[in-house]
1. State all residues of region 151-170 that are surrounded by fewer than 24 Cβ atoms within 10 Å (Cβ to Cβ) and in contact (Cβ under 8 Å) with a residue 60 or more places away in the chain; if no residue qualifies, say none.
2. I'm told residue 239 meets every condition in (1) surrounded by 17 or more Cβ atoms within 10 Å (Cβ to Cβ); (2) assigned to a loop (DSSP other than H, G, I, E, B) except one. Can you identify the failing condition by its number?
3. Quick check, is residue 294 in contact (Cβ under 8 Å) with a residue 12 or more places away in the chain, closer than 26 Å to residue 146 by Cα and assigned by TED's automatic domain parsing to the domain that holds residue 208?
4. Residues that are within 27 Å of residue 287 (Cα to Cα) and either assigned to a strand (DSSP E or B) or within 16 Å of ligand 2 (Cβ to nearest atom) (or both): does region 121-134 have at least one?
5. Scanning for something within 30 Å of residue 361 (Cα to Cα) and either away from ligand 1 (no atom under 13 Å from the Cβ) or not assigned by TED's automatic domain parsing to the domain that holds residue 150 (or both), does region 222-242 turn up at least one residue?
6. Residue by residue through region 18-28, note down the ones that are more than 20 Å from residue 246 (Cα to Cα) and in contact (Cβ under 8 Å) with a residue 12 or more places away in the chain.
7. Within the group 285, 210, 277, 195, which residue is in a loop (DSSP other than H, G, I, E, B) and touching a residue at least 24 places away in the same chain (Cβ under 8 Å)?
8. State yes or no: is residue 15 in contact (Cβ under 8 Å) with a residue 24 or more places away in the chain and closer than 30 Å to residue 213 by Cβ?
Ligand code: NZQ
Ligand code: ZN
């Protein structure tokens, strides 16, 4: 653990089949008015909406609603939520949904009382938030992003064709998150796989950098093994509680910053995906799946030892009888096979990308990287290989 760190995660997690019982006592900590934020209708279909409304009513809350949050939440919807918060003097924003809904809630939280244009100030210039922050609580319905236990808020500005993420400090994290794995049973299989791969990608983004002897890398390998194991079970039986609960907790751990402590990190797959998403509006995890294998093949030669370790410790490949290059390639091939097993795309063409978009995506992608500092030319090559 060579890099110094301060670790603080203030989100209180209520996990399991009885988790929703904690909503009422949590609500008691906040004032009268709640902004209920949710997506395009899944919570109405599966009955969760009615249960939440009942609890809110019994708790004596005045409820204002913001419905229809899109996957890849938009800046426009976020501003609409900010307006509702100001007009109704909202005391708590309650997000019920997946990462898009929770990200949007956090965006509303920092933007409602922002002096000036929140997009420019907070998502482009990364200014410190100097205004009142409205508390956010979450009821998670889809596992993947880790938004339930972090300060991330990824928003799409449709007008500017930019999907930008910002990690806000601890005062923007959800104050509490309710995680009942049973709520994820109704997630369509493609979305379940997309969420699983998103978590996997978070873990790999943190893993593929640095060659020091770091406890965090061992932790990541363990979480990846558990995730892959449970994913295979959930693919066969989506209502296997143990598998779905493991997946849900892997997702929270995968991006609550504990699996990034004292580590250099990569995140270039995410940077590329965000711009693929801005152009195609694809599901986030599906975009990551299509980019990951070409990206890792591209950078593998710059961090071969770690890719060998990935092959051995995550995929149980007997690497001793192989050259380093063969072992590294075998690990990436296993990753490819897993993506196919999840039923996710292996090319961005399948997600609606067209050839003329590739340079536009490459030029608008934030450049970074772990083992290799990526330029827009490098990114274009990865996009072509992903196409
Ligand atoms: O909108 P509804 O009707 O709720 O349907 C959603 C949506 O269509 C559906 N769904 C969710 N729970 C369901 C369900 N359907 C049936 N039953 C349920 N229980 O699933 C679809 C996808 O939901 P969404 O919230 O968009 O997915 P996800 O959780 O993958 O969130 C994606 C967003 O999070 C951002 C992504 O970029 C993307 O914008 N990310 C946020 C991060 C963070 N805050 O730290 C990090 C990630 O890397 C990611 O960038
Ligand atoms: Zn992600």
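1. 152, 157, 158, 159, 161, 162, 164, 165, 168, 170, listed by residue number.
2. For residue 239, the failing item is (1).
3. Values: in contact (Cβ under 8 Å) with a residue 12 or more places away in the chain: yes; closer than 26 Å to residue 146 by Cα: yes; assigned by TED's automatic domain parsing to the domain that holds residue 208: yes.
Taking the combined requirement at face value, the residue satisfies it.
4. Filtering region 121-134 down to residues within 27 Å of residue 287 (Cα to Cα) leaves 122-126.
After this cut, where a residue has to be either assigned to a strand (DSSP E or B) or within 16 Å of ligand 2 (Cβ to nearest atom) (or both) as well, the list is none.
No; the residues of region 121-134 include none that is within 27 Å of residue 287 (Cα to Cα) and either assigned to a strand (DSSP E or B) or within 16 Å of ligand 2 (Cβ to nearest atom) (or both).
5. Yes - at least one qualifying residue is present in region 222-242.
6. Filtering region 18-28 for residues more than 20 Å from residue 246 (Cα to Cα) gives 21-28.
If the condition is that a residue be more than 20 Å from residue 246 (Cα to Cα) and in contact (Cβ under 8 Å) with a residue 12 or more places away in the chain, then 22, 23, 24, 26, 27, 28 are the ones that fit.
7. 210
8. no
The values are calculated or read from the model by the stated rules, or taken from the named source; none is laboratory data. The shown structure was predicted, so the numbers you read here are calculated from the model rather than taken from an experiment. Note that we place each Cβ from the backbone using ideal geometry, even for glycine, and neighbour counts take in every protein chain shown.
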